[in-house]
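J.: Encoded as structure tokens, here's the structure I'll be asking about.
The values are calculated or read from the model by the stated rules, or taken from the named source; none is laboratory data. Worth saying up front: this structure is predicted, and the values here are computed from it rather than measured. Please note: Cβ atoms are built from the backbone with ideal geometry, for glycine as well, and neighbour counts cover all protein chains shown. With ligands, DNA and RNA removed, areas are computed over all heavy atoms of the protein, side chains included. Shrake-Rupley method; radii C 1.70, N 1.55, O 1.52, S 1.80 Å.
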Amino acid sequence: MNEARRESVRSGAASAPRILIAEDEPDLAVLLSYNLEAEGYVVDSVGRGDEAELRLAESPPDLVILDWMLPGVSGLEICRRLRARENTRMLPVIMVSARGAEAERVRGLLVGADDYIVKPFSVPELLARVRALLRRTRPERIADRLSAGDFNLDRETRCVRRGDRDIHLAPTEFRLLEFLLEKPGRVFTRNQLLDDIWGRAAEIDDRTVDVHIGRLRKKLSKGRERDPIRTVRSVGYAFDETYGKQ
Ligand code: CA
């Protein structure tokens with residue numbers, strides 16, 4: 001595993017798409033992890049169905065690669081349960097299986113998998129399907145650029161501009177803006193921001209979020225420029241969806 005690269009993905013973009021691999025063949029799991037990380041995804045891998053359920057309940061990733069036959073709980077059953085729960089109903093799932101018969105592919109799709117791929121498969125094909133599925137279901141997660149009103153954020157160059165003005169942000173401020181800009185108008189609680197930007201394990205409190213939002217605001221709006229971040233009292237923050245539309 002390329003640790004340096006993995007680290008750069010994590011510190012570089014908190015919102016690099018996260019993928020959970022549930023696969024009990026260790027060689028295949030390692031091969032997939034390695035290749036997905038090389039593509040810039042943040043990857044978590046488990047070898048049992050019950051472990052996969054725990055991870056999915058803790059914090060749903062952006063996409064799951066789910067082996068049909070898993071010890072503990074089968075991939076098929078996990079998929080069915082994901083579809084039954086409100087917060088994971090739309091979670092992108094690619095089912096992988098050695099079962100290639102038409103009836104079984106259909107069964108996989110009927111329980112709610114978005115795509116179905118038969119083992120053995122080529123890694124480039126799986127990577128292409130992952131990207132296609134994310135493009136369809138989570139376009140904001142893989143876009144190279146995010147924009148709203150006169151704000152433009154470039155993930156590749158890490159540049160933020162407001163109109164013609166370059167805005168220099170510290171890494172945490174950049175990640176906060178990136179996160180808010182993925183869904184203009186959506187209100188995020190302080191806890192959501194803490195989890196997604198600092199990580200669940202970080203020992204910091206809600207006020208840290210307020211402090212960083214305060215700094216971000218100062219840099220985003222100079223003089224009489226309108227403040228694009230909306231505070232929703234006793235809830236959290238949003239990037240104002242009406243921004244730039246008036
Ligand atoms: Ca298996």
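J.: Is the C-alpha gyration tensor of the stretch 143-239 telling us rounded, prolate or oblate? Criteria: a/c under 1.5 is rounded; beyond that, a/b larger than b/c is prolate, otherwise oblate.
T.: Values: a/c = 1.69, a/b = 1.40, b/c = 1.21.
Because a/c hits 1.5 or more and a/b exceeds b/c, the stretch 143-239 counts as prolate.
J.: Amide H of residue 99 versus every other amide H placed in the peptide plane: which residues, excluding those fewer than 5 positions away on the same chain, fall under 5 Å?
T.: 119
J.: Can you put 117, 142, 204 in order of accessible area, largest first, using a 1.4 Å probe?
T.: 204, 142, 117
J.: A further question follows. Once neighbouring chains are kept in place and the probe is 1.4 Å, which whole percent of the accessible area of the chain is contributed by carbon and sulfur?
T.: C and S atoms contribute 49 percent here.
J.: Next question. Please get the size of the charge dipole for the chain, origin at its Cα centre, with Cβ charges of +1 on Lys and Arg and -1 on Asp and Glu, quoted in debye to the nearest 20.
T.: Roughly 1160 debye for the chain.
J.: Can you pull the accessible area of residue 34 for me, 1.4 Å probe, Å² to the nearest 10?
T.: 120 Å²
J.: Along Cα→Cβ, 7 Å out, is where each label goes; now give me the distance between the ones at residue 219 and residue 90 in nm to one decimal.
T.: Computed distance between label sites residue 219 and residue 90 equals 3.0 nm.
J.: Could you give the size of the charge dipole of the stretch 143-239 about its Cα centre, using +1 on the Cβ of each K and R and -1 on the Cβ of each D and E, expressed in debye and rounded to the nearest 20?
T.: Once rounded to the nearest 20, the dipole reads 400 debye.
J.: Compute the projected area of the convex hull of the Cα atoms of the chain, averaged over all viewing directions, and report it in nm² to one decimal place.
T.: So the Cα hull casts an average projection of 14.6 nm².
J.: Return the long-range amide H neighbours of residue 116 (sequence gap of 5 or more, or a different chain), with a cut-off of under 5 Å between placed amide H atoms.
T.: Answer set, sorted by chain and number: 95.
J.: Which whole-number percentage describes the relative contact order of the stretch 97-157, with Cα contacts under 8 Å and a sequence gap of 6 or more?
T.: 20 percent.
J.: Something else: Note down the nm distance, to one decimal, between modelled labels 7 Å out along Cα→Cβ at residue 226 and at residue 101.
T.: It is 6.1 nm.
J.: Which ³J(HN,Hα) values, rounded to whole Hz and listed in residue order, are derived for the stretch 64-73 from phi using the Karplus coefficients 6.51, -1.76 and 1.60 in 6.51 cos²θ - 1.76 cosθ + 1.60 with θ = phi - 60°, glycine and proline given as x?
T.: 10, 9, 10, 6, 5, 9, 10, x, x, 10
J.: Further, regarding this structure: Would you mind calculating the gained length between residue 24 and residue 152 on full extension (0.36 nm times residue separation, minus the Cα-Cα distance), in nm to one decimal?
T.: Values: separation 128, 0.36 × 128 = 46.08 nm, distance 4.21 nm.
Going from the current span to full extension adds 41.9 nm.
J.: If the elastic network links every pair of Cα atoms under 10 Å, which of 52, 128, 113 fluctuates the most in the Gaussian network model of the chain?
T.: Its mean-square fluctuation being the largest, the pick is 128.
J.: Out of 110, 179, 100, whose Cα points farthest toward the positive end of the dipole of the chain (charges: +1 Lys, Arg; -1 Asp, Glu; placed on Cβ)?
T.: Result: 179, furthest along the dipole toward the positive end.
J.: Separate question: Quick one, can you get me the convex hull of the C-alpha atoms of the stretch 3-141 expressed as volume per residue in Å³?
T.: Values: hull volume 14.1 nm³, N = 139.
With only Cα atoms used, the stretch 3-141 gives 102 Å³ per residue.
J.: While we're looking at this one, here's another question. Would you mind listing how long the stretch 27-108 runs along its three principal axes, going by Cα atoms, in whole Å with the largest first?
T.: 34, 30, 22
J.: Could you give the nm distance between label points at residue 241 and residue 192, where each point is 7 Å from its Cα heading toward the beta carbon?
T.: 1.1 nm
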